[in-house]
Amino acid sequence: MTAAPATAHVTLRPMAADDCEMVFTWRNRPEIVRLSSSGRPVDWEDHLSWFRRRAADGTQPMFVIEAAGWPAGQLRFDAEADRAYRVTIYLVAESTGRGIGVAALRAGCGRLLAEGRADTFTACVQAGNLPSRKAFARAGFRDTEPPAPCPGGHVRMVLTAGGAHA
Ligand SMILES: CC(C)(COP(=O)(O)OP(=O)(O)OC[C@H]1O[C@@H](n2cnc3c(N)ncnc32)[C@H](O)[C@@H]1OP(=O)(O)O)[C@@H](O)C(=O)NCCC(=O)NCCS
C-alpha cells in the first residue's frame, strides 16, 4: 500500500536493493509511463540491470520519498556534468497534490548543495505537465532558454546554488 496520510512529513531514504520490485511497479503505472520522457513501460530484465547498476552508484543519489513513513515515490539525481545533476521525480497518484513532491525536491537538492556535491540542478518537464512545472517552480526551479538538452515538447527548468538561476 502506498497512500500517505494527508498531513505528511517527508523524508528521503536512500534506495536499497529491496526497493527494486516496488520501483518497477511504480515505474510501469500508466500515469507514470505517460509522464515519463520515453513514454514507454520498461521490462523487468532491463529494470533489474539498470537498478542494480544505479543503486550501487554512490555518486548519483537515488531516494525513496517517504511521507509520514509511507513510500510515496522516487527522487533521482543523474550526473550531467561536474556538480550538475538531472533531477527526476515522481509520486504515486495517491500521494500527489499535498506538497510532498515540493518538499522532497527542496530536501534532496538542499542536501546535495549542503554537502557541496552540486551547484546546478536541471529538470526536463513535459510542457503540458502543469502540476510538475508548478511543483518545480515552488522548489525554486526556473524555466530556461535554450530548451536543449531536453527532448522535444519538454521545458528545461534549472535551479542553481544561491537561487541564481541559469
Ligand atoms: C509532479 C509532482 C512531483 C508534484 O508533486 P506534488 O506533491 O503533487 O506537488 P504539489 O502538491 O505542490 O502540487 C503542485 C500543483 O499540481 C497540482 N496537482 C498535483 N497533483 C495533481 C494531479 N494528480 N492532478 C491535477 N493536479 C495536480 C496541485 O493541485 C498543485 O496545483 P495548485 O497549486 O494549482 O493547486 C507529483 O504531482 C507527481 O509525481 N506527479 C506524477 C509524475 C510526474 O509528473 N512527475 C514529474 C515528471 S517531470
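No lab work stands behind these numbers, since they all come straight from the coordinates. The structure presented is a predicted model; accordingly, all values stated were derived computationally and were not measured. Cβ placement follows ideal geometry from the backbone for every residue including glycine, while neighbour counts extend to all protein chains displayed.
Some points to look at:
- The percentage of C-alpha pairs in the stretch 10-163 whose separation is greater than 19 Å is 52%.
- Using the rule -39500 (n - 2.57) for each DSSP H run of four or more residues, divided by the residues of the chain, the 222 nm mean residue ellipticity is -9000 deg cm²/dmol.
- Amide H contacts of Q126 (H built 1.01 Å from N, under 5 Å, at least 5 apart or other chain): V155
- The simple Förster model, with R0 at 22 Å and r as the Cβ-Cβ distance, assigns L48 and A148 a FRET efficiency of 0.10.
- Label-to-label distance, nm, for residues given as M22 and R117 (7 Å Cα→Cβ offset): 1.9 nm
- Semi-axis lengths, Å, the stretch 1-101, gyration tensor of Cα atoms, sqrt of 5 times eigenvalues: 21, 17, 14
- The peptide list 54-62, 67-75, 90-98, put in order of mean Cβ contacts within 10 Å with the highest first, becomes 67-75, 90-98, 54-62.
- Value of relative contact order over the stretch 10-163, rounded to a whole percent, pairs C-alpha under 8 Å and six or more apart: 19 percent
- Environment charge of N28, counting only residues whose C-beta is closer than 12 Å and scoring Lys/Arg +1, Asp/Glu -1: 0
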